[in-house]
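Undergrad: Encoded as structure tokens, here's the structure I'll be asking about.
The values are calculated or read from the model by the stated rules, or taken from the named source; none is laboratory data. Being a predicted model, the structure only gives us computed values, none of them experimental. Every residue, glycine among them, receives a Cβ derived from its backbone with ideal geometry; neighbour counts consider all protein chains shown. Ligands, DNA and RNA are excluded from the accessible area calculation, which covers all protein heavy atoms including side chains. Shrake-Rupley method; radii C 1.70, N 1.55, O 1.52, S 1.80 Å.
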Amino acid sequence: MQVHDVHCRACRGRHAGADEWVPDTRIVIAYRGTFLYRAGRRASLADPNRALAFNAGEEYGIDHPAEHGDSCLSIRFAPGRLREIAGDGAGGAAQGDRLLRPAWPVDARSQWLAARLRASGSPADPLRAEELALALARRILRPEAAPGRRRTGPGRQRLIERTRLLLQEDPGRRWTLGDLATEVGASPVYLTQCFGQVEGIPLYRYQTHLRLARALEQLPRADDLAALALAHGFSGHSQFTAAFRRAYGLTPSAARAALRATMVRPVRGGR
């Protein structure tokens, strides 16, 4: 298993077609920015609340719907390893060395594991990095990862993708449900019902997780936690601390100290 911290420079635009491929299967978690992954007739939006599947040999294209780059964590699986982690065949997330779903939810615990992995994923300590990567992959790919989610048709899926993109572009914005529903062309009742069925959590919690994920990415370099809280849409330091503790099990200051203690230069490589 290999881990890479991938950074894409600010850009906006659409690739002409599915003109890229990877030699080995991996999961990719965007922790800053967003991009749209297209493989065949499937399209999946990457953000900190969702891990995407890149299957070996499958052609794909990447779109950048906003004028900013992205940073993501890419975990590559050696042949045979994926079946051990995800389960093979019926009831599992993989079949052979191929992931069966295009995306999985990333919960708060997984976000924290990813932050620790980015901070400590040094070639000088490969055992620690691989253990963290294995724990993160297991947590994301386990079959029971999202018990509240349901399969949905393409129309509902497009509605949710538009909603997720709006939330991702500006997590700090204080949306009203009516404004958000108007932007995506749905009634508030229908939007909340669909979002809960597809994502397994309410809209407000999804937005909170996005805010926390962005704050977590900047936390090791942040000296003023109150300013960090305000910059990411929280009303103040106390609200930020309470939400952070509920999500990650420790305070922002304790998390910052832990990440700074293990901070190393990230491993760079292709997505």
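Undergrad: For residue 31, all conditions in the list (1) under 23 Å from residue 209 (Cα atoms); (2) buried (at least 22 other Cβ atoms within 10 Å of the Cβ) hold save one; what is the number of the exception?
TA: (2)
Undergrad: Checking the condition assigned to a helix (DSSP H, G or I), touching a Leu at 6+ places or on another chain (Cβ under 8 Å) and either open to solvent by 60 Å² or more (accessible area, probe 1.4 Å) or of a type in the set (Val, Ile, Thr) (or both), which residue from 161, 183 passes? Reasoning before the result, please.
TA: Numbers: 161 fails: either open to solvent by 60 Å² or more (accessible area, probe 1.4 Å) or of a type in the set (Val, Ile, Thr) (or both).
On inspection, the qualifying residue turns out to be 183.
Undergrad: Could I ask something else about it? Output yes when any residue across the range 24-41 is part of a loop (DSSP other than H, G, I, E, B), at pLDDT 85 or above, within 30 Å of residue 155 (Cβ to Cβ) and out of contact with any Gly (no Cβ under 7 Å at 6 or more places or on another chain), and no when none is.
TA: Here is the first cut: in the range 24-41, the residues part of a loop (DSSP other than H, G, I, E, B) are 24-25, 33-34, 40-41.
Next cut, at pLDDT 85 or above only: 24-25, 33-34.
From the residues that got through so far, the ones that are within 30 Å of residue 155 (Cβ to Cβ) too are 25, 33-34.
Subsequent filtering for residues that are out of contact with any Gly (no Cβ under 7 Å at 6 or more places or on another chain) retains 25, 34.
Yes, the range 24-41 has at least one match.
Undergrad: Just a yes or no: is a residue in the range 67-89 farther than 23 Å from residue 116 by Cα, among the hydroxyl-bearing types (Ser, Thr, Tyr) and either modelled with pLDDT of 85 or more or under 19 Å from the mean Cα position of the chain (by Cα) (or both)?
TA: Scanning the range 67-89, I find no residue that is farther than 23 Å from residue 116 by Cα, among the hydroxyl-bearing types (Ser, Thr, Tyr) and either modelled with pLDDT of 85 or more or under 19 Å from the mean Cα position of the chain (by Cα) (or both), so the answer is no.
Undergrad: Now for a separate question. Looking only at the range 59-81, filter to residues that are open to solvent by 30 Å² or more (accessible area, probe 1.4 Å) and in a loop (DSSP other than H, G, I, E, B); which one of those is farthest from residue 24 (Cα to Cα)?
TA: Restricting attention to the range 59-81, the residues satisfying the condition of being open to solvent by 30 Å² or more (accessible area, probe 1.4 Å) are 59, 65, 67-68, 76, 78-79, 81.
Add one more test, that the residue is in a loop (DSSP other than H, G, I, E, B), and what stays is 59, 65, 67-68, 78-79.
Numbers: 59: 12, 65: 26, 67: 29, 68: 27, 78: 7, 79: 8 Å.
Selected residue: 67.
Undergrad: Then there is this: Quick test of your reading of the structure: residue 250 fulfils all but one of (1) more than 18 Å from the chain's Cα centre (by Cα); (2) within 27 Å of residue 118 (Cα to Cα); (3) in a helix (DSSP H, G or I). Name the failing condition by number.
TA: Status for residue 250: all satisfied but (3).
Undergrad: What do you reckon, is residue 241 over 25 Å from residue 72 (Cβ atoms) and either surrounded by 20 or more Cβ atoms within 10 Å (Cβ to Cβ) or in contact with a Phe, Trp or Tyr (Cβ under 8 Å, 6 or more places away or on another chain) (or both)?
TA: Values: over 25 Å from residue 72 (Cβ atoms): yes; either surrounded by 20 or more Cβ atoms within 10 Å (Cβ to Cβ) or in contact with a Phe, Trp or Tyr (Cβ under 8 Å, 6 or more places away or on another chain) (or both): no.
No: the conditions fail for residue 241.
Undergrad: Could I ask something else about it? All but one of (1) under 27 Å from residue 201 (Cα atoms); (2) modelled with pLDDT of 85 or more hold for residue 61; which doesn't?
TA: (1)
Undergrad: Name, by its number, the condition in (1) at pLDDT 85 or above; (2) more than 20 Å from the chain's Cα centre (by Cα); (3) in a helix (DSSP H, G or I) that does not hold for residue 189.
TA: (1)
Undergrad: Continuing with this model, one more query. Of 217, 199, which residue is under 16 Å from the mean Cα position of the chain (by Cα), at pLDDT below 90 and not hydrophobic (A, V, I, L, M, F, W, C)? So that I can check it myself, show each step before the final result.
TA: On the way: 217 fails: at pLDDT below 90.
After ruling out the rest, the residue left standing is 199.
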